[in-house]
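Everything on this sheet refers to the single structure shown next.
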Ligand SMILES: Cc1ncc(COP(=O)(O)O)c(C=O)c1O
């Protein structure tokens, strides 16, 4: 599409990054199922390898189908560039990789997807990195946790699974004052509900496995760069500001300006870590994003209706949907995610752990799976699955205690969803 600064979200989700195929005129973005690309001549090859010319070399680094998705995601998030990765977890490592080094740490919210807590509390230690987890509602604690070795602040916009909305403006004011980037996982919200860069985020990461693809067919992730961070303001980010030996001393920030992080992500991150998204997965995700706004509106509409109904059920102790007036985070919806609080929440059952197990087993329309953000309604008992590696304290802090079931509301008929939940809740008593 031609650049149009005033195009609305519904237009951009279909057209951004996509243009008729130059070779064939194909209207849909083709799946460029190729590993390599023929160089025009030896000089062309040398210029590509020296990063003097942008183009295609090898699909571990760049691929036209993936590039279309990168452009679309950067556009929808209001960033300057994006790097697609093989999963949401890969995107998190790819976001941290240029910033971190042995002995460096991140300050992360206690309210994160359980797999992220495990990745940050256990696995990144193998790289000599560490994470300090704090309650992001306690702004003084966030400030206090940042030290000279902190290289990023990390949170989710709408946290999975607890219905917690982060005050991104307050958190970005803290990271800005400390001169470090804020990374926001926007998986549960998607750019249709929340645009973290408008609230000061430096980088936005996604598991595209969820709402972006939207139908449970793909594993993918993306890092979107706001292009706003000054990587050369101090010596904290040498990967981006100092000479890079693998490219004859090229300085990414000096050479590529606001696109430094994106170029580094492709030229170093994908080249050497190889967490590449394949073109077929990119194609499915591009298809999914075409209907993102329509699906998110329906997810929100259904979640409002179902969560409101669940609150009144006598087997239910609490529902954590931020869209409900009873939620302590309801006041943040208008400012942080003005199009709605998403389709994900938890329900706490009065009958505790045993009731939760009976409840998930009795459901008919809802599937008991380790996924969210599908057109289908899904449930999971987080404490015995996605959050089972966590301590009881971490489970509670993440909103995933033993009496809690996570619900991802799909876009089916809400009357049918309520009927299914009703029979399963009655069976759980
Ligand atoms: C909020 C959030 N971030 C990241 C991830 C990791 O994504 P992936 O499973 O695509 O690696 C998930 C997965 O459930 C998630 O819910």
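Points to keep in mind about this one:
- Unique residue being modelled with pLDDT of 95 or more, surrounded by fewer than 21 Cβ atoms within 10 Å (Cβ to Cβ), closer than 26 Å to residue 9 by Cα and more than 15 Å from the ligand (Cβ to nearest atom) when the list is 326, 335, 377: 335
- Enumeration of residues in segment 184-218 that are more than 12 Å from the ligand (Cβ to nearest atom) and surrounded by 24 or more Cβ atoms within 10 Å (Cβ to Cβ): 191, 192, 193, 194, 195, 196, 197, 201, 202, 203, 214
- For segment 71-118, a residue qualifies if it is more than 16 Å from the ligand (Cβ to nearest atom) and either outside the structural domain of residue 226 (by TED's automatic domain parsing) or assigned to a loop (DSSP other than H, G, I, E, B) (or both), and the qualifying residues are 78, 79, 80, 98, 99, 100, 101, 102, 103, 104.
- Cβ-Cβ under 8 Å pairs, at least 6 apart or on other chains, segment 174-190 side at positive phi and modelled with pLDDT of 95 or more, far side part of a helix (DSSP H, G or I) and within 16 Å of the ligand (Cβ to nearest atom): 190/296
- Per this entry, residue 221 is not counted among residues that are over 26 Å from residue 85 (Cα atoms), buried (at least 18 other Cβ atoms within 10 Å of the Cβ) and within 16 Å of the ligand (Cβ to nearest atom).
- In segment 131-152, of all residues being more than 16 Å from the ligand (Cβ to nearest atom) and crowded, with 16+ Cβ neighbours inside 10 Å, the one that is farthest from residue 105 (Cα to Cα) corresponds to 137.
- For segment 246-267, the set of residues classified as over 30 Å from residue 289 (Cα atoms) and either in contact with a strand residue (DSSP E or B) (Cβ under 7 Å, 6 or more places away or on another chain) or modelled with pLDDT of 95 or more (or both) consists of 249, 250, 251, 252, 253, 254, 255, listed by residue number.
- If the condition is being part of a strand (DSSP E or B) and within 9 Å of the ligand (Cβ to nearest atom), then segment 119-130 contributes no residue at all.
- Top-ranked residue in segment 44-70 [being part of a helix (DSSP H, G or I) and in contact (Cβ under 8 Å) with a residue 24 or more places away in the chain; ranked as farthest from the chain's Cα centre (by Cα)]: 64
- Single residue of segment 338-368 satisfying the filter (within 16 Å of the ligand (Cβ to nearest atom) and touching a residue at least 60 places away in the same chain (Cβ under 8 Å)) that is surrounded by the fewest Cβ atoms within 10 Å (Cβ to Cβ): 346
- Exclusive hit being part of a helix (DSSP H, G or I) and under 17 Å from residue 409 (Cβ atoms), set 347, 360: 360
- In segment 169-183, the residue that is farthest from the ligand (Cβ to nearest atom) out of those that are part of a loop (DSSP other than H, G, I, E, B) and in contact with a strand residue (DSSP E or B) (Cβ under 9 Å, 6 or more places away or on another chain) is 180.
- Within segment 232-245, the set of residues being touching a strand residue (DSSP E or B) at 6+ places or on another chain (Cβ under 8 Å) and over 21 Å from residue 47 (Cα atoms) comprises 236, 237.
- Some residue of segment 224-233 being within 16 Å of the ligand (Cβ to nearest atom), buried (at least 24 other Cβ atoms within 10 Å of the Cβ) and under 20 Å from the mean Cα position of the chain (by Cα): yes
- Check on residue 192, part of a loop (DSSP other than H, G, I, E, B), in the same structural domain as residue 70 (by TED's automatic domain parsing) and within 19 Å of the chain's Cα centre (by Cα): no
The values are calculated or read from the model by the stated rules, or taken from the named source; none is laboratory data. All figures in this text were calculated on a predicted structure; none of them were measured in a lab. Cβ coordinates were reconstructed from backbone atoms using ideal geometry, including for glycine residues, and neighbour counts include every protein chain displayed.
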